[in-house]
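Nothing in this text is a laboratory measurement; each read-out follows from the coordinates by a stated rule. From a predicted model like this one, the values you see are computed outputs, not experimental measurements. Counting neighbours? That spans all protein chains shown, and the Cβs are built from the backbone with ideal geometry, glycine included.
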């Protein structure tokens, strides 16, 4: 049986509906990303007193966000940068696209304790890299 032929107006209506679906998916994705960034910020702020080297944290500025930085963490070696991701797959894709930049990637969990542990792990790696770079440059 042949597929029905759509008229021009029907094709336009289908394209508009598809565009609305794509827009909604993008809106939901951005909202999810923002929620993950806020969860990561809360988790990092909750661990500020647990290490002597983490002093505070803030959301990245719009300029920093364009560079892939969701969170700026103030430490005793200077600012360290984090990117929040909702899955390991997304984290792997981000790392692959960024090469060797000093932006840590944290897969955000609904559990703040787990997210905090993951953040400390990433921040520790970044801090060690900064210290190693300084010692290598000296």
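Observations
- Sorted on the mean count of surrounding Cβ atoms within 10 Å across their residues, most packed first, peptides 38-48, 20-30 read 38-48, 20-30.
- When the helices of the chain are scored as -39500 (n - 2.57) per DSSP H run of n ≥ 4 and the total is divided over every residue, the value at 222 nm lands at -20000 deg cm²/dmol.
- Shape call, the range 92-136: gyration tensor on alpha carbons, a/c limit 1.5: oblate
- Inter-label distance, nm, simple model (7 Å from Cα along the C-beta direction), residue 114/residue 98: 2.1
- Computed lengthening from residue 130 to residue 88, 0.36 nm per intervening residue step minus Cα-Cα distance: 12.7 nm
- Degrees separating the helix 88-98 axis from the principal Cα axis of the chain, which is the longest one: 80
- Remark: the Cα gyration tensor places the range 23-65 in the oblate category, a/c being 1.5 or greater and a/b not exceeding b/c.
- Tilt relative to the chain, helix 8-46 - C-alpha long axis, 0 to 90 degrees, to 10: 20
- Taking only alpha carbon atoms, the chain gives an Rg to Rh ratio of 1.20, where Rh is the Kirkwood radius.
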